[in-house]
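Some notes on the structure that comes next.
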Ligand SMILES: NC(=O)c1ccc[n+]([C@@H]2O[C@H](COP(=O)([O-])OP(=O)(O)OC[C@H]3O[C@@H](n4cnc5c(N)ncnc54)[C@H](O)[C@@H]3O)[C@@H](O)[C@H]2O)c1
């Protein structure tokens, strides 16, 4: 028996990086997975996520979904329910970045980040809960939500006004949903990654930034996307019982020190 046998899951931003690792891990554990993204090819290269899953014998399909658009989110949840009958798990992972201080952030940049990192999480959580409330309780839960947050938003990281503020809202919405829908057997938790090397080219591979992150992280390596997938798997599985509203730091002890 695999840990997600018989479960259906949506993973947003699952074409690349952490979302891709989560989708592949969930499928390997028996879940049927909808890979939701605005792109098809992984930013770090390699085969599309749904192909990797299918090649390994799992079940997945990809759907274009821009989480900042309610109609896309609505269609995504409808599609899973039409195909597979229920939505047991949603992992809200897709995010958008800027690296600017307050006065250097244009109103348009702010709105662009918030439309994904704040509105997008709201739309996905709302639409998922609407569906989950119609479903019977299976095991301990009617449905499970895992929000991917960040260290940023928990502490003040330099030059991060829009991204950090958006991530802080992801932690709060997690607690609010756990509070408001716990009685209906909806379990909502979050995973806060530390510095995770996904192989995506660009600023995240900047040697100076990597050196600073290594210096700041007690554990002797930086994170891997699989570290986050392991934590998300636990929170999405029946092994996670009586835990809700939690924001699990997966950061090699960064926030402990
Ligand atoms: N990598 C890290 O070090 C790190 C650290 C802390 C938190 N995180 C969080 O982990 C999550 C994933 O990060 P990652 O490093 O894998 O990023 P990534 O850029 O590698 O992947 C993000 C994916 O989200 C998709 N996406 C972006 N906007 C979207 C939209 N509007 N609708 C649907 N999909 C969209 C992208 O196309 C991409 O495939 C994010 O929530 C991020 O905030 C990452």
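Among the conditions (1) more than 20 Å from the chain's Cα centre (by Cα); (2) under 20 Å from residue 15 (Cβ atoms), the only one that residue 212 does not satisfy is (2).
Cβ-Cβ distances below 8 Å connect the following pairs, each with a first residue in the stretch 213-228 that is closer than 13 Å to residue 249 by Cβ and away from the ligand (no atom under 12 Å from the Cβ), a second residue that is in a loop (DSSP other than H, G, I, E, B) and at pLDDT below 95, and a separation of six or more residues or different chains: 218/257.
Inspect all residues belonging to the stretch 86-94 and state whether any of them is more than 9 Å from the ligand (Cβ to nearest atom), under 27 Å from residue 138 (Cβ atoms) and surrounded by fewer than 21 Cβ atoms within 10 Å (Cβ to Cβ). Yes, there is a match, as at least one residue in the stretch 86-94 is more than 9 Å from the ligand (Cβ to nearest atom), under 27 Å from residue 138 (Cβ atoms) and surrounded by fewer than 21 Cβ atoms within 10 Å (Cβ to Cβ). Among the residues of the stretch 142-160, are any surrounded by fewer than 23 Cβ atoms within 10 Å (Cβ to Cβ) and away from the ligand (no atom under 16 Å from the Cβ)? Yes - at least one qualifying residue is present in the stretch 142-160. Number of residues in the stretch 148-176 that are in contact (Cβ under 8 Å) with a residue 60 or more places away in the chain and farther than 22 Å from residue 216 by Cα equals 6. Against the conditions (1) surrounded by fewer than 20 Cβ atoms within 10 Å (Cβ to Cβ); (2) within 16 Å of the ligand (Cβ to nearest atom); (3) assigned to a helix (DSSP H, G or I), residue 98 satisfies every one except (3). With respect to being more than 23 Å from residue 15 (Cβ to Cβ), within 16 Å of the ligand (Cβ to nearest atom), surrounded by 16 or more Cβ atoms within 10 Å (Cβ to Cβ) and modelled with pLDDT of 95 or more, residue 194 falls outside the description. Taken together, 53, 10, 39, 22 contain a single residue that is out of contact with any helix residue (DSSP H, G or I) (no Cβ under 8 Å at 6 or more places or on another chain) and either outside any loop (DSSP other than H, G, I, E, B) or at pLDDT 95 or above (or both), which is 39. Inside the stretch 101-123, can you point out the residues that are under 13 Å from the mean Cα position of the chain (by Cα) and more than 14 Å from the ligand (Cβ to nearest atom)? Passing the criteria: none in range. Does residue 77 count as under 17 Å from the mean Cα position of the chain (by Cα), modelled with pLDDT of 95 or more, near the ligand (Cβ under 10 Å from one of its atoms) and not in a loop (DSSP other than H, G, I, E, B)? Considered against the rule, which asks whether it is under 17 Å from the mean Cα position of the chain (by Cα), modelled with pLDDT of 95 or more, near the ligand (Cβ under 10 Å from one of its atoms) and not in a loop (DSSP other than H, G, I, E, B), residue 77 comes out as no. From the set of residues in the stretch 172-190 that are within 16 Å of the chain's Cα centre (by Cα) and surrounded by fewer than 19 Cβ atoms within 10 Å (Cβ to Cβ), which is farthest from the ligand (Cβ to nearest atom)? Restricting to residues being within 16 Å of the chain's Cα centre (by Cα) and surrounded by fewer than 19 Cβ atoms within 10 Å (Cβ to Cβ), the top hit is 175.
Taken over the stretch 22-49, residues that are touching a strand residue (DSSP E or B) at 6+ places or on another chain (Cβ under 8 Å) and within 13 Å of the ligand (Cβ to nearest atom) amount to 10. Just to be sure, is residue 21 closer than 16 Å to residue 193 by Cβ and buried (at least 24 other Cβ atoms within 10 Å of the Cβ)? Spelling it out, residue 21 is indeed closer than 16 Å to residue 193 by Cβ and buried (at least 24 other Cβ atoms within 10 Å of the Cβ).
Going by the conditions given, is residue 136 out of contact with any helix residue (DSSP H, G or I) (no Cβ under 9 Å at 6 or more places or on another chain) and not in a helix (DSSP H, G or I)? It is true that residue 136 is out of contact with any helix residue (DSSP H, G or I) (no Cβ under 9 Å at 6 or more places or on another chain) and not in a helix (DSSP H, G or I).
The values are calculated or read from the model by the stated rules, or taken from the named source; none is laboratory data. Everything numeric in this text was worked out from a predicted model, so none of it was measured. Cβ atoms come from the backbone with ideal geometry, glycine included; neighbour counts cover every protein chain shown.
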